[in-house]
Amino acid sequence: MAACSLAAMSHDAATLESFVKRYLDTVAGGSAADVAALYADDATLEDPVGSGEVHIGRQAIEGFYKNMEAAGSIGTELLQFRPGGHEAAFLFAITIAGAMRIEPMEVMTFDAEGNITSMKAYWSAADITQL
């Protein structure tokens, strides 16, 4: 039974990549509320992993993205993408206010409707370049 429900939740690679690109485009051009709307109501976000803080629920996730929104203009670029079932791992670059570039690796899970159910971002100071 579990195998059937897992297969039912799987997305093909192109669909997963479209979800990731939608997320990156929204981070670059949308508001914190727009980005939070891509998440399921009870989603979790940990950025960076190991920071000790996990944001739970759409409202908390919107608060996380408000901090980025306040930083100024944002650009994103997908560098690598790996699909798997209902999850995707991807490396991307985010440029903030033309002054800083960060290259995090993120792992996201998606529900059947394409909402993000969890996001974990892996990065450290070594992944930041001052421009």
Residue list for the range 57-76, filter: in a loop (DSSP other than H, G, I, E, B) and either under 15 Å from residue 115 (Cβ atoms) or in contact with a Gly (Cβ under 6 Å, 6 or more places away or on another chain) (or both): 57
So which helices (runs of 4 or more DSSP H) are wholly in the range 1-50 and hold at least 3 residues that are touching a helix residue (DSSP H, G or I) at 6+ places or on another chain (Cβ under 6 Å), under 22 Å from residue 66 (Cβ atoms) and at pLDDT 95 or above? 32-36
Quick one: in the range 77-131, of everything that is acidic (Asp, Glu) and part of a strand (DSSP E or B), which residue is surrounded by the most Cβ atoms within 10 Å (Cβ to Cβ)? 106
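Here is a yes/no grid of residues against (1) of a type outside the set (Gly, Ala, Ser); (2) closer than 26 Å to residue 131 by Cβ; (3) touching a residue at least 24 places away in the same chain (Cβ under 8 Å):
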{"residue": "12", "(1), (2), (3)": "yes, no, yes"}
{"residue": "17", "(1), (2), (3)": "yes, no, yes"}
{"residue": "36", "(1), (2), (3)": "no, no, yes"}
{"residue": "50", "(1), (2), (3)": "no, yes, no"}
{"residue": "70", "(1), (2), (3)": "no, yes, no"}
{"residue": "76", "(1), (2), (3)": "yes, yes, yes"}
{"residue": "99", "(1), (2), (3)": "no, yes, yes"}
{"residue": "117", "(1), (2), (3)": "yes, no, yes"}
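The rows are residues; the columns are (1) under 17 Å from residue 44 (Cα atoms); (2) within 12 Å of the chain's Cα centre (by Cα).
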site	(1), (2)
73	no, no
76	no, yes
79	no, no
88	yes, yes
91	no, yes
94	no, yes
105	yes, yes
111	yes, no
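The values are calculated or read from the model by the stated rules, or taken from the named source; none is laboratory data. Since this is a predicted model, take the numbers as computed values, not measurements. For neighbour counting, all protein chains shown are included, and Cβ atoms are generated from backbone atoms with ideal geometry for every residue, glycine included.
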